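Structure first, then comments.
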Amino acid sequence: MENNLGALLFEAANLLLIGMGVVFIFLTILIFLIKLMSSLVGKNAPTPAAPVATPNINRNTGKSAQDKKVVAAISAAVHQYRQDNK
Amino acid sequence: MEGLMTLWASTGIANFHYQQLIMIAVGFGLLYLAIAKKFEPLLLLPIGFGAVLTNIPVAGFSDPGGLLYYVYHIGIDTGVFPLLIFMGVGAMTDFGALIANPKMLLLGAAAQTGIFATLFGAILLNLIPGFEFTLADASAIAIIGGADGPTAIFLASRLAPDLLGAIAVAAYSYMALVPIIQPPIMKALTNKEERKIVMEQLRPVSQREKIIFPLMVLVISLLLLPEATPLVGMFCLGNLMRECGVVDRLSKTAQNELINIVTIALGLAVGSKLSAEAFLTVETLGILALGAVAFGIGTACGVLMAKLMCKLSGGKINPLIGAAGVSAVPMAARVVNKVGLEANPHNFLLMHAMGPNVAGVLGSAVAAGILLALVSP
């Protein structure tokens with residue numbers, strides 16, 4: 001049992017070294033690849049923010065156009081009221 | 001009279017063993033945690049209910065022919081459910097923060113130390129009488145330190161199916177406990193000045209980079225670590241569907257309907273492993289203890305690595321974000337944000353913590369691949 005435990009612990013130590021080594025190597029390679037990719041395609045590529053922004057602007061203008069109509073209607077009514085009560 | 005006796009013999013009351021009663025109480029306990037305490041309710045609720053169902057005598061939910069037997073066989077024996085969940089998680093993950101600052105991958109790697117360090121703990125527990133963990137068992141337990149539910153279930157189903165119930169419950173409970181476990185460790189390892197560090201704003205990331213990223217991860221993992229490709233591959237598929245912009249319908253299904261359906265079935269199947277004979281052992285206590293240790297070590301190593309990077313970068317990196325390296329997306333990143341705000345009310349670290357957070361998901365999938373490659377059940 002003692003021997004067995006020693007062997008298991010040795011294997012665990014082995015796994016710790018190999019495992020952490022591979023995790024670090026894998027992710028370090030990924031860091032370099034991301035940097036490489038970003039320098040290749042990242043610069044003049046369109047950012048995803050642009051297409052999202054467009055519908056927002058549209059909706060805003062739609063809203064403000066409606067707002068203008070409401071404002072116009074209210075001011076016309078106020079004007080009428082004042083005219084009537086002069 | 002004989003008819004009455006037969007009827008009595010077929011009631012639940014006559015057939016209960018006290019262990020089954022304890023397990024049903026455990027099931028109700030999980031339901032309580034899910035409903036009243038909101039601990040990972042999406043999973044603990046079906047798991048808790050599954051635990052109640054599987055311990056009902058006579059009904060035989062988990063015997064060959066029973067509902068839970070089939071759900072378990074179809075989804076977990078084959079490894080299909082955790083992989084489908086991983087695809088959904090991929091479809092929900094935005095790698096923007098990571099692509100903008102790729103160094104964060106190192107934090108995701110450092111936090112995986114918790115997994116491998118726990119291997120020792122699990123094997124040392126064999127010194128206590130009553131524990132007999134093999135290397136495969138120890139590996140399956142250690143992956144709890146990856147703080148990633150589907151990865152833990154996938155690895156446990158491959159390496160130690162007998163311990164799956166306890167491992168899944170431990171993994172999800174500790175993920176729910178992240179806001180309690182992590183802050184003391186984070187505060188102990190950093191000083192107030194470090195916690196106040198404000199980080200530079202991240203650059204915007206183009207759609208093209210986001211599309212190439214999952215493909216790149218897939219290619220590296222199939223070249224270097226094919227054993228990790230079931231997990232990494234499904235994750236990348238989900239992420240590609242999200243980012244490519246031409247299959248929005250599939251992406252929405254993967255991150256909503258599909259992941260919800262699979263979550264129900266996965267929870268029930270995990271619950272079916274909470275039978276009295278498998279759960280009421282000293283080993284379960286050991287697994288729960290080791291899970292907490294794994295989490296703590298992972299958090300500490302992430303923070304220490306971030307401190308090192310802070311020193312090397314001349315104080316541009318807030319060491320707190322290292323704690324997000326243990327996946328647990330997005331809970332760990334939120335905890336980092338909260339602890340950062342306590343030190344400096346104008347310092348929002350959430351986006352910066354998302355980088356190490358998603359790096360942690362990749363890191364634990366890679367770690368799981370290594371364990372699968374090197375340890376055989």
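The values are calculated or read from the model by the stated rules, or taken from the named source; none is laboratory data. Treat the numbers as computed from the prediction; the structure is a model and nothing was measured. Note that each Cβ is placed from the backbone with ideal geometry, even for glycine, and that neighbours are counted across all protein chains shown. Please note that ligands, DNA and RNA were not included when accessible areas were found on the heavy atoms of the full protein model with its side chains. Shrake-Rupley method; radii C 1.70, N 1.55, O 1.52, S 1.80 Å.
Could you tell me whether region B:88-220 comes out rounded, prolate or oblate from its Cα gyration tensor? Rule is a ≥ b ≥ c as square roots of the eigenvalues, rounded for a/c under 1.5, then prolate if a/b exceeds b/c, otherwise oblate. Oblate shape, in that a/c is at least 1.5 and b/c is the bigger or equal ratio. When a/c reaches 1.5 or more, the comparison of a/b and b/c decides; with that in mind, is the protein assembly as shown rounded, prolate or oblate per its Cα gyration tensor? Oblate. By how many degrees, 0 to 90 and rounded to 10, does the Cα axis of helix B:229-244 deviate from the longest principal axis of chain B? Compared with the principal axis, the helix lies near 60 degrees.
The largest accessible area among B:V293, A:V71 belongs to the first residue in A:V71, B:V293, and the rest follow in falling order (1.4 Å probe, all chains).
Quotient of the Cα radius of gyration of region B:1-121 and 2.2 N^0.38 Å, N being its number of residues: 1.58.
Structural descriptor for region B:287-365: relative contact order 27 percent, calculated from alpha carbon pairs under 8 angstrom and at least 6 residues apart.
Multiplying the residue separation of B:Y18 and B:N344 by 0.36 nm and subtracting their alpha-carbon distance yields 112.0 nm.
Angle between the Cα long axis of helix B:149-159 and the longest principal axis of chain B, 0 to 90 degrees, nearest 10? Tilt relative to chain B: about 60 degrees.
Averaged over the residues of peptide A:29-39, the number of Cβ atoms from other protein chains lying within 10 Å of each residue's Cβ is 6. For the residues B:L107, B:L31, a 1.4 Å probe over the protein chains yields an accessible-area ranking, largest first, of B:L31, B:L107.
Take the alpha carbon gyration tensor of chain B, find the square roots of its eigenvalues, order them as a ≥ b ≥ c, and report rounded if a/c is under 1.5; if not, report prolate when a/b exceeds b/c, else oblate.
Numbers: a/c = 2.00, a/b = 1.66, b/c = 1.21.
Cα axes put chain B in the prolate bin.
Here the simple spin-label model places points 7 Å from the Cα toward Cβ, and for B:A25 and B:A188 these points are separated by 3.2 nm.
This model, with +1 at the C-beta of Lys and Arg and -1 at the C-beta of Asp and Glu, gives the protein assembly as shown a dipole about its Cα centre of some 2620 debye.
Taking every residue in B:203-216, how many Cβ atoms of other protein chains lie within 10 Å of its Cβ, on average?
Averaged over the peptide's residues, the number is 5.
Taking all protein chains as they are arranged and a probe of 1.4 Å, the heavy atoms of B:K192 leave approximately 110 Å² accessible to solvent. Per-residue surface analysis assigns B:Y70 an accessible area of about 110 Å², computed on protein heavy atoms at 1.4 Å probe radius. With θ taken as phi - 60° and the Karplus curve 6.51 cos²θ - 1.76 cosθ + 1.60 applied, the whole-hertz 3J(HN,Hα) list for region B:45-54 is 5, x, 5, x, 5, x, 5, 5, 4, 5 Hz, x standing for glycine and proline. Its relative contact order, with pairs defined as Cα atoms under 8 Å and 6+ residues apart, puts chain B at 30 percent.
Scaled to the compact-protein estimate 2.2 N^0.38 Å, what is the alpha-carbon radius of gyration of region B:255-327, rounded to two decimal places? In units of the 2.2 N^0.38 Å rule of thumb, it is 1.69. Couplings for region A:19-33, taken from phi via the Karplus curve 6.51 cos²θ - 1.76 cosθ + 1.60 with θ = phi - 60°, read x, 5, x, 5, 4, 5, 4, 4, 6, 5, 4, 4, 4, 5, 5 Hz in order; Gly and Pro are left as x. Think of chain B as having a plus end and a minus end, set by charges on the Cβ of Lys, Arg, Asp and Glu; of B:L350, B:P57, B:I185, B:L350 sits farthest toward the positive end of this dipole. Between B:I143, B:V339, B:F295, the Cα set farthest toward the positive side of the dipole of the protein assembly as shown (charges on each charged residue's Cβ, about the Cα centre) is that of B:V339. Rolling a 1.4 Å probe over the protein heavy atoms leaves B:L67 with an accessible area of roughly 100 Å².
Rounded to the nearest 20 debye, the dipole magnitude of chain B is 1460 debye, with +1 charges on Lys and Arg beta carbons, -1 on Asp and Glu beta carbons, and the Cα centre as origin.
Hey, what angle do you get for helix B:259-272 against the long axis of chain B, alpha-carbon based, 0 to 90 degrees rounded to 10? Between the helix axis and the principal axis of chain B, the angle is about 50 degrees.
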